[in-house]
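**Student:** Got a structure here, written out as C-alpha coordinates. Questions coming.
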Amino acid sequence: MAASRADPRLVAWNALRAVEDGAFADAALSRQLEDNRLDERDRGLATQLVYGTIAWQGLSDHVLASLGRPPERLDAAVRTLLRMAFFQAIKLERVPDFAVVDTAVELAKRHNRGAAGLVNALLRALLRSGKDLHLPVASDIVQHLAISGSHPPWLVERWLAALGAAETEALLTADNRAAPTVLRVNPRRADRAAALAALAAEGYAARPTRYAADAIEIDLRSGMGKLNAFRTGLVTPQGEASQLVGAMIPVAARTVLDVCAAPGGKAIQIAERADAAVVAVDRARAGVVAIARQASRVGVAVGILRADARELPLRNTALFDAVLVDAPCSGLGTLRQHPEIRWRRRPEDVARLAALQGEILRAAATRVQPGGILVYATCTLLAEENEERIAAFLADQPHFAIDDPRTDLPEAARELVDGDAFLRTYPHRHGLDGFFAARLKRR
Ligand SMILES: C[S@@+](CC[C@H](N)C(=O)[O-])C[C@H]1O[C@@H](n2cnc3c(N)ncnc32)[C@H](O)[C@@H]1O
(Lines give C-alpha, C1' and ligand atoms only; values in the text may rest on other atoms or scores of the structure.)
Protein backbone atom coordinates (compact mmCIF):
# COMPACT_ATOMS: atom_id res chain seq x y z
CA MET A 1 0.00 0.00 0.00
CA ALA A 2 1.33 3.45 -0.93
CA ALA A 3 2.30 5.62 2.06
CA SER A 4 1.00 8.95 0.84
CA ARG A 5 -2.45 9.76 -0.47
CA ALA A 6 -2.84 9.04 -4.20
CA ASP A 7 -4.33 11.28 -6.90
CA PRO A 8 -7.81 9.92 -7.83
CA ARG A 9 -7.40 11.02 -11.45
CA LEU A 10 -4.17 9.07 -11.78
CA VAL A 11 -5.81 6.06 -10.12
CA ALA A 12 -8.72 6.30 -12.59
CA TRP A 13 -6.39 6.78 -15.57
CA ASN A 14 -4.38 3.68 -14.63
CA ALA A 15 -7.58 1.65 -14.33
CA LEU A 16 -8.79 2.96 -17.70
CA ARG A 17 -5.52 1.97 -19.35
CA ALA A 18 -5.87 -1.54 -17.93
CA VAL A 19 -9.41 -1.68 -19.41
CA GLU A 20 -7.97 -0.60 -22.79
CA ASP A 21 -5.65 -3.62 -22.46
CA GLY A 22 -8.63 -5.95 -21.96
CA ALA A 23 -9.31 -5.91 -18.19
CA PHE A 24 -12.86 -5.63 -16.84
CA ALA A 25 -13.63 -2.18 -15.46
CA ASP A 26 -14.73 -3.36 -12.01
CA ALA A 27 -11.66 -5.60 -11.59
CA ALA A 28 -9.22 -2.93 -12.85
CA LEU A 29 -10.70 -0.31 -10.56
CA SER A 30 -10.73 -2.63 -7.51
CA ARG A 31 -7.07 -3.40 -8.06
CA GLN A 32 -6.19 0.30 -8.26
CA LEU A 33 -8.25 1.08 -5.16
CA GLU A 34 -6.53 -1.72 -3.25
CA ASP A 35 -3.06 -0.53 -4.28
CA ASN A 36 -3.61 3.18 -3.57
CA ARG A 37 -4.69 5.09 -0.50
CA LEU A 38 -7.70 7.31 -1.20
CA ASP A 39 -10.15 8.89 1.20
CA GLU A 40 -13.87 8.27 0.77
CA ARG A 41 -14.46 11.30 -1.46
CA ASP A 42 -11.54 10.57 -3.79
CA ARG A 43 -12.55 6.93 -3.97
CA GLY A 44 -15.96 8.09 -5.16
CA LEU A 45 -14.39 10.41 -7.75
CA ALA A 46 -12.06 7.70 -9.12
CA THR A 47 -15.03 5.32 -9.42
CA GLN A 48 -17.16 7.92 -11.18
CA LEU A 49 -14.31 8.74 -13.59
CA VAL A 50 -13.71 5.11 -14.57
CA TYR A 51 -17.34 4.15 -15.14
CA GLY A 52 -18.36 7.48 -16.69
CA THR A 53 -15.38 7.69 -19.04
CA ILE A 54 -16.05 4.22 -20.43
CA ALA A 55 -19.80 4.80 -20.71
CA TRP A 56 -19.36 8.11 -22.57
CA GLN A 57 -16.49 6.91 -24.74
CA GLY A 58 -18.70 6.78 -27.85
CA LEU A 59 -19.54 10.45 -27.54
CA SER A 60 -15.97 11.59 -26.79
CA ASP A 61 -14.61 9.50 -29.67
CA HIS A 62 -17.19 11.02 -32.01
CA VAL A 63 -16.08 14.55 -31.06
CA LEU A 64 -12.39 13.57 -31.38
CA ALA A 65 -13.01 12.12 -34.85
CA SER A 66 -14.91 15.24 -35.91
CA LEU A 67 -11.77 17.22 -34.97
CA GLY A 68 -9.79 15.14 -37.45
CA ARG A 69 -8.25 12.99 -34.69
CA PRO A 70 -9.67 9.45 -35.08
CA PRO A 71 -9.16 8.00 -31.60
CA GLU A 72 -7.78 4.69 -32.92
CA ARG A 73 -4.79 6.58 -34.31
CA LEU A 74 -3.89 8.14 -30.95
CA ASP A 75 -1.55 6.58 -28.41
CA ALA A 76 -3.77 4.46 -26.09
CA ALA A 77 -2.69 6.28 -22.91
CA VAL A 78 -3.34 9.70 -24.48
CA ARG A 79 -6.68 8.53 -25.84
CA THR A 80 -7.89 7.35 -22.42
CA LEU A 81 -6.70 10.57 -20.80
CA LEU A 82 -8.58 12.69 -23.35
CA ARG A 83 -11.74 10.64 -22.88
CA MET A 84 -11.49 10.98 -19.11
CA ALA A 85 -10.97 14.75 -19.23
CA PHE A 86 -13.79 15.14 -21.76
CA PHE A 87 -16.18 13.16 -19.53
CA GLN A 88 -15.17 15.27 -16.55
CA ALA A 89 -15.81 18.53 -18.39
CA ILE A 90 -19.06 17.51 -20.07
CA LYS A 91 -20.73 15.41 -17.39
CA LEU A 92 -19.20 16.39 -14.03
CA GLU A 93 -20.13 20.00 -14.01
CA ARG A 94 -18.54 20.83 -10.67
CA VAL A 95 -15.04 20.90 -12.24
CA PRO A 96 -14.22 24.09 -14.24
CA ASP A 97 -12.82 23.48 -17.73
CA PHE A 98 -9.47 25.15 -17.06
CA ALA A 99 -8.91 22.82 -14.07
CA VAL A 100 -9.79 19.79 -16.22
CA VAL A 101 -7.25 20.82 -18.85
CA ASP A 102 -4.50 21.64 -16.32
CA THR A 103 -4.89 18.33 -14.52
CA ALA A 104 -4.92 16.34 -17.74
CA VAL A 105 -1.77 18.13 -18.96
CA GLU A 106 -0.03 17.38 -15.64
CA LEU A 107 -0.97 13.71 -15.95
CA ALA A 108 0.18 13.63 -19.59
CA LYS A 109 3.62 14.95 -18.54
CA ARG A 110 4.04 11.95 -16.24
CA HIS A 111 3.38 9.66 -19.19
CA ASN A 112 5.51 11.39 -21.79
CA ARG A 113 6.49 15.08 -21.84
CA GLY A 114 5.86 15.22 -25.59
CA ALA A 115 2.24 14.16 -25.06
CA ALA A 116 1.44 17.16 -22.85
CA GLY A 117 1.33 19.67 -25.74
CA LEU A 118 -0.92 17.42 -27.79
CA VAL A 119 -3.26 16.83 -24.85
CA ASN A 120 -3.43 20.55 -24.15
CA ALA A 121 -4.26 21.47 -27.75
CA LEU A 122 -6.69 18.63 -28.35
CA LEU A 123 -8.50 19.06 -25.09
CA ARG A 124 -9.07 22.77 -25.65
CA ALA A 125 -10.44 22.05 -29.14
CA LEU A 126 -12.48 19.13 -27.82
CA LEU A 127 -14.06 21.25 -25.13
CA ARG A 128 -14.77 24.11 -27.54
CA SER A 129 -16.57 21.86 -30.00
CA GLY A 130 -17.89 19.37 -27.45
CA LYS A 131 -19.76 22.00 -25.51
CA ASP A 132 -22.15 22.51 -28.37
CA LEU A 133 -21.96 18.88 -29.42
CA HIS A 134 -22.41 18.61 -33.16
CA LEU A 135 -24.62 15.58 -33.03
CA PRO A 136 -25.96 13.89 -36.17
CA VAL A 137 -29.41 15.13 -37.07
CA ALA A 138 -32.37 13.26 -35.70
CA SER A 139 -33.45 12.03 -39.14
CA ASP A 140 -30.85 9.27 -38.72
CA ILE A 141 -32.28 8.12 -35.45
CA VAL A 142 -29.83 5.22 -35.00
CA GLN A 143 -26.74 7.43 -35.35
CA HIS A 144 -28.32 10.17 -33.29
CA LEU A 145 -29.13 7.91 -30.34
CA ALA A 146 -25.87 5.95 -30.67
CA ILE A 147 -23.80 9.13 -30.32
CA SER A 148 -25.92 11.15 -27.92
CA GLY A 149 -26.50 8.08 -25.70
CA SER A 150 -23.00 6.63 -26.28
CA HIS A 151 -23.81 3.05 -27.33
CA PRO A 152 -22.75 1.13 -30.48
CA PRO A 153 -25.13 1.65 -33.45
CA TRP A 154 -25.80 -2.09 -33.98
CA LEU A 155 -27.15 -2.39 -30.43
CA VAL A 156 -29.23 0.79 -30.70
CA GLU A 157 -30.71 -0.57 -33.91
CA ARG A 158 -31.81 -3.78 -32.20
CA TRP A 159 -33.31 -2.00 -29.21
CA LEU A 160 -35.10 0.48 -31.46
CA ALA A 161 -36.77 -2.41 -33.29
CA ALA A 162 -37.81 -4.06 -30.03
CA LEU A 163 -38.65 -1.08 -27.81
CA GLY A 164 -39.23 1.99 -30.00
CA ALA A 165 -37.44 5.34 -29.86
CA ALA A 166 -38.64 6.77 -26.56
CA GLU A 167 -37.88 3.64 -24.55
CA THR A 168 -34.56 3.08 -26.27
CA GLU A 169 -33.49 6.61 -25.39
CA ALA A 170 -34.56 6.05 -21.77
CA LEU A 171 -32.64 2.76 -21.67
CA LEU A 172 -29.44 4.36 -22.99
CA THR A 173 -29.75 7.12 -20.40
CA ALA A 174 -30.29 4.59 -17.60
CA ASP A 175 -27.28 2.52 -18.78
CA ASN A 176 -25.07 5.58 -18.31
CA ARG A 177 -26.02 5.99 -14.64
CA ALA A 178 -24.30 4.18 -11.79
CA ALA A 179 -25.95 0.99 -10.54
CA PRO A 180 -26.63 0.84 -6.80
CA THR A 181 -24.62 -1.59 -4.67
CA VAL A 182 -27.03 -4.32 -3.58
CA LEU A 183 -26.49 -7.02 -0.97
CA ARG A 184 -28.37 -10.21 -0.27
CA VAL A 185 -29.08 -11.08 3.36
CA ASN A 186 -28.33 -14.64 4.41
CA PRO A 187 -31.68 -15.72 5.88
CA ARG A 188 -29.99 -18.41 7.96
CA ARG A 189 -28.27 -15.66 9.90
CA ALA A 190 -30.83 -12.86 10.13
CA ASP A 191 -33.87 -11.29 8.55
CA ARG A 192 -33.60 -8.09 6.51
CA ALA A 193 -34.46 -5.78 9.43
CA ALA A 194 -31.77 -7.33 11.62
CA ALA A 195 -29.21 -7.11 8.79
CA LEU A 196 -30.07 -3.44 8.28
CA ALA A 197 -29.50 -2.87 11.99
CA ALA A 198 -26.12 -4.64 11.79
CA LEU A 199 -25.06 -2.46 8.85
CA ALA A 200 -26.22 0.69 10.67
CA ALA A 201 -24.16 -0.38 13.69
CA GLU A 202 -21.14 -0.55 11.35
CA GLY A 203 -21.93 3.02 10.28
CA TYR A 204 -23.35 2.30 6.81
CA ALA A 205 -26.47 3.88 5.36
CA ALA A 206 -28.59 1.12 3.83
CA ARG A 207 -32.22 0.53 2.95
CA PRO A 208 -34.49 -2.31 1.82
CA THR A 209 -35.03 -2.52 -1.95
CA ARG A 210 -38.38 -2.66 -3.64
CA TYR A 211 -38.64 -6.04 -5.36
CA ALA A 212 -36.50 -8.80 -3.81
CA ALA A 213 -37.29 -9.99 -0.28
CA ASP A 214 -33.72 -10.28 1.04
CA ALA A 215 -32.11 -7.37 -0.83
CA ILE A 216 -30.53 -4.28 0.71
CA GLU A 217 -29.13 -1.25 -1.10
CA ILE A 218 -26.06 0.15 0.64
CA ASP A 219 -24.00 3.32 0.30
CA LEU A 220 -20.66 1.56 0.24
CA ARG A 221 -17.71 3.82 0.83
CA SER A 222 -15.04 1.15 1.09
CA GLY A 223 -14.14 -2.17 -0.48
CA MET A 224 -16.51 -5.04 0.37
CA GLY A 225 -13.74 -6.68 2.42
CA LYS A 226 -13.95 -3.88 5.02
CA LEU A 227 -17.56 -4.75 5.78
CA ASN A 228 -17.85 -6.98 8.83
CA ALA A 229 -21.31 -8.14 7.71
CA PHE A 230 -19.70 -9.42 4.48
CA ARG A 231 -16.67 -11.05 6.13
CA THR A 232 -18.89 -12.97 8.55
CA GLY A 233 -21.26 -14.21 5.85
CA LEU A 234 -24.31 -12.17 6.88
CA VAL A 235 -24.49 -10.45 3.47
CA THR A 236 -23.27 -11.14 -0.07
CA PRO A 237 -23.18 -8.68 -2.98
CA GLN A 238 -25.77 -9.68 -5.58
CA GLY A 239 -27.90 -7.48 -7.83
CA GLU A 240 -31.61 -7.36 -7.12
CA ALA A 241 -32.70 -8.80 -10.49
CA SER A 242 -30.25 -11.68 -10.01
CA GLN A 243 -31.83 -12.37 -6.59
CA LEU A 244 -35.25 -12.60 -8.23
CA VAL A 245 -33.96 -15.30 -10.59
CA GLY A 246 -32.73 -17.30 -7.57
CA ALA A 247 -36.20 -16.90 -6.04
CA MET A 248 -37.74 -18.62 -9.09
CA ILE A 249 -36.31 -21.95 -7.91
CA PRO A 250 -39.18 -23.30 -5.77
CA VAL A 251 -38.44 -23.43 -2.04
CA ALA A 252 -39.86 -26.96 -2.06
CA ALA A 253 -37.05 -28.22 -4.37
CA ARG A 254 -34.87 -30.54 -2.29
CA THR A 255 -32.22 -31.20 -4.93
CA VAL A 256 -31.01 -28.36 -7.14
CA LEU A 257 -28.47 -28.40 -9.98
CA ASP A 258 -26.98 -25.08 -11.16
CA VAL A 259 -25.08 -25.78 -14.40
CA CYS A 260 -23.51 -22.31 -14.91
CA ALA A 261 -22.88 -21.39 -11.32
CA ALA A 262 -19.74 -19.26 -11.01
CA PRO A 263 -19.04 -17.10 -9.07
CA GLY A 264 -21.86 -18.69 -7.06
CA GLY A 265 -24.37 -15.87 -6.48
CA LYS A 266 -27.55 -17.83 -7.14
CA ALA A 267 -26.26 -21.29 -6.12
CA ILE A 268 -25.32 -19.98 -2.68
CA GLN A 269 -28.54 -17.97 -2.42
CA ILE A 270 -30.50 -21.21 -2.95
CA ALA A 271 -28.29 -23.17 -0.55
CA GLU A 272 -28.67 -20.46 2.12
CA ARG A 273 -32.39 -20.26 2.01
CA ALA A 274 -33.68 -23.77 1.65
CA ASP A 275 -33.06 -27.12 3.10
CA ALA A 276 -31.78 -28.09 -0.33
CA ALA A 277 -28.79 -30.07 -1.59
CA VAL A 278 -27.20 -27.84 -4.26
CA VAL A 279 -24.73 -29.00 -6.91
CA ALA A 280 -22.92 -26.06 -8.55
CA VAL A 281 -21.21 -26.67 -11.91
CA ASP A 282 -19.07 -24.32 -13.96
CA ARG A 283 -16.58 -24.73 -16.77
CA ALA A 284 -14.16 -22.07 -15.54
CA ARG A 285 -11.38 -23.10 -13.16
CA ALA A 286 -11.25 -19.69 -11.44
CA GLY A 287 -15.06 -19.80 -11.30
CA VAL A 288 -15.27 -22.99 -9.25
CA VAL A 289 -12.59 -21.66 -6.89
CA ALA A 290 -14.73 -18.53 -6.40
CA ILE A 291 -17.82 -20.64 -5.59
CA ALA A 292 -15.87 -22.62 -2.98
CA ARG A 293 -14.54 -19.41 -1.41
CA GLN A 294 -17.99 -17.82 -1.18
CA ALA A 295 -19.60 -21.00 0.20
CA SER A 296 -16.98 -21.20 2.91
CA ARG A 297 -17.33 -17.49 3.84
CA VAL A 298 -21.09 -17.86 4.13
CA GLY A 299 -20.89 -21.27 5.85
CA VAL A 300 -23.07 -23.36 3.55
CA ALA A 301 -22.32 -26.73 1.96
CA VAL A 302 -22.49 -26.80 -1.85
CA GLY A 303 -21.35 -29.67 -4.08
CA ILE A 304 -18.95 -28.15 -6.61
CA LEU A 305 -18.02 -29.64 -9.95
CA ARG A 306 -15.83 -28.26 -12.71
CA ALA A 307 -17.36 -29.44 -15.98
CA ASP A 308 -18.92 -28.42 -19.25
CA ALA A 309 -22.68 -28.20 -18.77
CA ARG A 310 -23.15 -29.91 -22.13
CA GLU A 311 -21.31 -33.05 -20.98
CA LEU A 312 -21.99 -33.44 -17.29
CA PRO A 313 -19.99 -36.29 -15.72
CA LEU A 314 -23.03 -37.47 -13.72
CA ARG A 315 -24.82 -40.81 -13.84
CA ASN A 316 -27.83 -40.88 -16.18
CA THR A 317 -30.04 -41.55 -13.17
CA ALA A 318 -28.93 -38.34 -11.39
CA LEU A 319 -32.06 -36.21 -11.71
CA PHE A 320 -32.94 -33.04 -9.77
CA ASP A 321 -36.09 -31.35 -8.47
CA ALA A 322 -34.91 -28.10 -10.05
CA VAL A 323 -32.19 -27.19 -12.57
CA LEU A 324 -30.96 -23.63 -13.14
CA VAL A 325 -29.36 -22.52 -16.42
CA ASP A 326 -27.99 -19.04 -15.72
CA ALA A 327 -26.60 -18.99 -19.21
CA PRO A 328 -23.39 -17.39 -20.51
CA CYS A 329 -24.77 -14.40 -22.43
CA SER A 330 -23.83 -11.08 -24.00
CA GLY A 331 -24.40 -9.31 -20.64
CA LEU A 332 -25.95 -6.31 -22.37
CA GLY A 333 -28.45 -5.83 -19.53
CA THR A 334 -25.64 -4.98 -17.12
CA LEU A 335 -24.06 -1.97 -18.84
CA ARG A 336 -24.41 0.25 -15.75
CA GLN A 337 -21.95 -1.96 -13.91
CA HIS A 338 -19.99 -3.20 -16.90
CA PRO A 339 -19.94 -0.24 -19.31
CA GLU A 340 -17.04 -1.68 -21.31
CA ILE A 341 -19.12 -4.65 -22.53
CA ARG A 342 -20.99 -2.45 -25.04
CA TRP A 343 -17.72 -1.62 -26.85
CA ARG A 344 -16.46 -5.22 -26.84
CA ARG A 345 -19.47 -7.20 -27.98
CA ARG A 346 -20.02 -7.72 -31.69
CA PRO A 347 -23.30 -8.69 -33.39
CA GLU A 348 -21.77 -12.06 -34.34
CA ASP A 349 -21.19 -12.86 -30.62
CA VAL A 350 -24.94 -12.95 -30.13
CA ALA A 351 -25.47 -15.78 -32.64
CA ARG A 352 -22.54 -17.74 -31.17
CA LEU A 353 -23.89 -17.32 -27.63
CA ALA A 354 -27.43 -18.21 -28.69
CA ALA A 355 -26.15 -21.54 -30.11
CA LEU A 356 -24.28 -22.29 -26.86
CA GLN A 357 -27.34 -21.34 -24.77
CA GLY A 358 -29.51 -23.76 -26.77
CA GLU A 359 -27.02 -26.61 -26.28
CA ILE A 360 -26.71 -25.99 -22.53
CA LEU A 361 -30.47 -25.74 -22.11
CA ARG A 362 -31.08 -29.04 -23.92
CA ALA A 363 -28.44 -30.84 -21.87
CA ALA A 364 -29.75 -29.35 -18.59
CA ALA A 365 -33.30 -30.49 -19.42
CA THR A 366 -32.16 -34.14 -19.31
CA ARG A 367 -31.37 -33.64 -15.59
CA VAL A 368 -34.86 -32.55 -14.52
CA GLN A 369 -37.07 -35.05 -12.62
CA PRO A 370 -40.55 -35.67 -14.03
CA GLY A 371 -42.65 -32.92 -12.42
CA GLY A 372 -39.48 -30.90 -11.79
CA ILE A 373 -38.54 -27.32 -12.71
CA LEU A 374 -36.08 -25.86 -15.23
CA VAL A 375 -35.21 -22.14 -14.94
CA TYR A 376 -33.42 -20.41 -17.83
CA ALA A 377 -32.02 -16.92 -17.21
CA THR A 378 -29.78 -14.32 -18.85
CA CYS A 379 -28.66 -10.78 -18.08
CA THR A 380 -29.22 -9.46 -21.57
CA LEU A 381 -32.01 -7.66 -23.42
CA LEU A 382 -31.84 -9.34 -26.82
CA ALA A 383 -34.66 -11.62 -27.99
CA GLU A 384 -32.19 -14.05 -29.69
CA GLU A 385 -30.79 -14.97 -26.28
CA ASN A 386 -34.09 -14.82 -24.41
CA GLU A 387 -37.61 -15.63 -25.64
CA GLU A 388 -36.31 -17.05 -28.94
CA ARG A 389 -34.23 -19.61 -27.01
CA ILE A 390 -37.28 -20.66 -25.01
CA ALA A 391 -39.46 -20.92 -28.14
CA ALA A 392 -36.84 -23.07 -29.90
CA PHE A 393 -36.47 -25.28 -26.82
CA LEU A 394 -40.22 -25.82 -26.39
CA ALA A 395 -40.60 -26.59 -30.09
CA ASP A 396 -38.55 -29.78 -29.71
CA GLN A 397 -39.20 -30.60 -26.04
CA PRO A 398 -42.96 -31.21 -25.81
CA HIS A 399 -42.66 -32.65 -22.30
CA PHE A 400 -41.80 -29.18 -20.95
CA ALA A 401 -44.26 -26.28 -20.56
CA ILE A 402 -44.01 -22.72 -19.28
CA ASP A 403 -44.67 -22.45 -15.55
CA ASP A 404 -45.74 -19.14 -14.02
CA PRO A 405 -43.10 -18.15 -11.42
CA ARG A 406 -45.31 -15.59 -9.63
CA THR A 407 -46.20 -18.05 -6.86
CA ASP A 408 -42.57 -18.04 -5.68
CA LEU A 409 -41.79 -14.36 -6.22
CA PRO A 410 -42.39 -11.70 -3.57
CA GLU A 411 -45.65 -9.81 -4.07
CA ALA A 412 -43.82 -6.66 -5.18
CA ALA A 413 -41.95 -8.53 -7.94
CA ARG A 414 -45.00 -10.11 -9.57
CA GLU A 415 -45.51 -7.05 -11.77
CA LEU A 416 -42.14 -7.88 -13.40
CA VAL A 417 -43.61 -11.05 -14.92
CA ASP A 418 -45.16 -10.44 -18.35
CA GLY A 419 -48.14 -12.02 -20.11
CA ASP A 420 -45.95 -14.92 -21.31
CA ALA A 421 -44.94 -15.63 -17.68
CA PHE A 422 -41.36 -14.39 -18.36
CA LEU A 423 -39.55 -12.29 -15.77
CA ARG A 424 -38.20 -9.16 -17.50
CA THR A 425 -36.36 -6.38 -15.73
CA TYR A 426 -34.98 -3.16 -17.27
CA PRO A 427 -32.65 -0.43 -16.03
CA HIS A 428 -34.92 2.37 -17.30
CA ARG A 429 -38.24 0.89 -16.15
CA HIS A 430 -37.31 -0.57 -12.79
CA GLY A 431 -33.84 0.67 -11.90
CA LEU A 432 -32.69 -2.99 -12.12
CA ASP A 433 -30.20 -4.72 -14.39
CA GLY A 434 -31.77 -6.07 -17.58
CA PHE A 435 -32.57 -9.73 -16.89
CA PHE A 436 -34.75 -12.31 -18.56
CA ALA A 437 -35.92 -15.53 -16.93
CA ALA A 438 -38.35 -18.28 -17.85
CA ARG A 439 -39.53 -21.13 -15.65
CA LEU A 440 -40.44 -24.42 -17.30
CA LYS A 441 -41.99 -27.53 -15.80
CA ARG A 442 -41.37 -31.08 -16.91
CA ARG A 443 -44.63 -32.95 -17.25
C1 LIG B 1 -23.99 -15.63 -16.05
S2 LIG B 1 -22.61 -16.46 -15.46
C3 LIG B 1 -23.26 -17.32 -14.06
C4 LIG B 1 -23.50 -16.45 -12.84
C5 LIG B 1 -23.88 -17.27 -11.61
N6 LIG B 1 -25.00 -18.14 -11.85
C7 LIG B 1 -24.17 -16.38 -10.42
O8 LIG B 1 -25.34 -16.19 -10.07
O9 LIG B 1 -23.23 -15.92 -9.79
C10 LIG B 1 -22.39 -17.73 -16.63
C11 LIG B 1 -21.37 -18.79 -16.25
O12 LIG B 1 -21.40 -19.81 -17.24
C13 LIG B 1 -20.13 -20.39 -17.30
N14 LIG B 1 -20.08 -21.21 -18.54
C15 LIG B 1 -19.93 -20.78 -19.82
N16 LIG B 1 -19.97 -21.82 -20.66
C17 LIG B 1 -20.18 -22.94 -19.90
C18 LIG B 1 -20.33 -24.32 -20.18
N19 LIG B 1 -20.27 -24.77 -21.44
N20 LIG B 1 -20.50 -25.16 -19.16
C21 LIG B 1 -20.55 -24.73 -17.88
N22 LIG B 1 -20.40 -23.42 -17.56
C23 LIG B 1 -20.23 -22.54 -18.54
C24 LIG B 1 -19.20 -19.22 -17.22
O25 LIG B 1 -17.93 -19.65 -16.76
C26 LIG B 1 -19.92 -18.31 -16.22
O27 LIG B 1 -19.41 -18.50 -14.93
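The values are calculated or read from the model by the stated rules, or taken from the named source; none is laboratory data. Keep in mind it's a predicted model, so treat the numbers as computed, not measured. Here the Cβ is made from the backbone with ideal geometry for all residues, glycine too, and neighbour counts use every protein chain on show.
**Student:** For LEU353, indicate whether it is out of contact with any strand residue (DSSP E or B) (no Cβ under 8 Å at 6 or more places or on another chain), farther than 22 Å from PRO187 by Cβ and surrounded by fewer than 24 Cβ atoms within 10 Å (Cβ to Cβ). Can you show your working first?
**Tutor:** Working: out of contact with any strand residue (DSSP E or B) (no Cβ under 8 Å at 6 or more places or on another chain): yes; farther than 22 Å from PRO187 by Cβ: yes; surrounded by fewer than 24 Cβ atoms within 10 Å (Cβ to Cβ): yes.
So LEU353 fits the description; yes.
**Student:** Would you be able to say whether some residue in the stretch 306-323 is β-branched (Val, Ile, Thr) and either modelled with pLDDT under 95 or under 17 Å from ALA280 (Cβ atoms) (or both)? So that I can check it myself, show each step before the final result.
**Tutor:** Of the stretch 306-323, the ones β-branched (Val, Ile, Thr) are 317, 323.
Within this subset, residues satisfying the condition of being either modelled with pLDDT under 95 or under 17 Å from ALA280 (Cβ atoms) (or both) are 317, 323.
There is at least one residue in the stretch 306-323 that is β-branched (Val, Ile, Thr) and either modelled with pLDDT under 95 or under 17 Å from ALA280 (Cβ atoms) (or both).
**Student:** Which residue pairs have Cβ atoms under 8 Å apart, sit 6 or more places apart or on different chains, and have a first residue in the stretch 75-103 that is surrounded by 14 or more Cβ atoms within 10 Å (Cβ to Cβ) and a second that is at pLDDT 90 or above and outside any helix (DSSP H, G or I)?
**Tutor:** Here the result reads LEU82/LEU74; ARG83/TRP56; PHE86/TRP56; PHE87/TRP56; ILE90/TRP56; LYS91/TRP56, each pair linking the stretch 75-103 to a residue that is at pLDDT 90 or above and outside any helix (DSSP H, G or I).
**Student:** Do you know which residues across the stretch 150-177 are crowded, with 21+ Cβ neighbours inside 10 Å and among the small types (Gly, Ala, Ser)?
**Tutor:** SER150
**Student:** For the stretch 36-99, give me every one of the helices (runs of 4 or more DSSP H) that falls completely inside it and has 1 or more residues that are over 20 Å from PRO152 (Cβ atoms). Can you show your working first?
**Tutor:** Details: elements: 40-55, 57-66, 76-91.
Counting at least 1 such residues, we get 40-55, 76-91.
**Student:** Of (1) under 22 Å from the mean Cα position of the chain (by Cα); (2) among the acidic types (Asp, Glu); (3) more than 21 Å from THR425 (Cα to Cα), ASP326 satisfies all except one. Which?
**Tutor:** Just one mismatch for ASP326, condition (3).
**Student:** Give me the pairs, please: first residue somewhere in the stretch 250-276 and at pLDDT 95 or above, second residue anywhere and hydroxyl-bearing (Ser, Thr, Tyr) and within 14 Å of the ligand (Cβ to nearest atom), beta-carbon distance under 7 Å, and either six or more positions apart or on two chains.
**Tutor:** Pairs that qualify, where the first residue is at pLDDT 95 or above and the partner is hydroxyl-bearing (Ser, Thr, Tyr) and within 14 Å of the ligand (Cβ to nearest atom), are GLY265/SER242; LYS266/SER242; ILE268/THR236.
**Student:** Please name all residue pairs, on different chains or six or more residues apart, with Cβ atoms under 6 Å, provided the first residue is in the stretch 31-54 and is in the same structural domain as MET84 (by TED's automatic domain parsing) and of a type outside the set (A, V, I, L, M, F, W, C) and the second residue is crowded, with 22+ Cβ neighbours inside 10 Å and not in a helix (DSSP H, G or I).
**Tutor:** TYR51/PRO339
**Student:** Among the listed residues LEU382, LEU394, which satisfies the condition of being modelled with pLDDT of 95 or more and within 16 Å of the ligand (Cβ to nearest atom)?
**Tutor:** Working: LEU394 fails: within 16 Å of the ligand (Cβ to nearest atom).
Step by step, each of LEU382, LEU394 is checked, and only LEU382 is modelled with pLDDT of 95 or more and within 16 Å of the ligand (Cβ to nearest atom).
**Student:** Just one of PRO187, PRO153 is without any contact (Cβ under 8 Å) to a residue 12 or more places away in the chain and in contact with a helix residue (DSSP H, G or I) (Cβ under 7 Å, 6 or more places away or on another chain); which is it?
**Tutor:** Details: PRO187 fails: without any contact (Cβ under 8 Å) to a residue 12 or more places away in the chain.
Answer to the selection: PRO153.
**Student:** Let me spell it out: the conditions are (1) closer than 18 Å to GLU157 by Cβ; (2) free of Cβ contacts under 8 Å to residues at least 60 places away in the same chain; (3) touching a Cys at 6+ places or on another chain (Cβ under 8 Å), and GLY333 meets all of them except one. Which number is the exception?
**Tutor:** Going through the list (1) closer than 18 Å to GLU157 by Cβ; (2) free of Cβ contacts under 8 Å to residues at least 60 places away in the same chain; (3) touching a Cys at 6+ places or on another chain (Cβ under 8 Å), GLY333 breaks only (2).
**Student:** So, of the residues in the stretch 193-234 that are surrounded by fewer than 21 Cβ atoms within 10 Å (Cβ to Cβ) and among the charged types (D, E, K, R), which turns out to be nearest to the chain's Cα centre (by Cα)?
**Tutor:** Looking at residues that are surrounded by fewer than 21 Cβ atoms within 10 Å (Cβ to Cβ) and among the charged types (D, E, K, R), I get GLU217.
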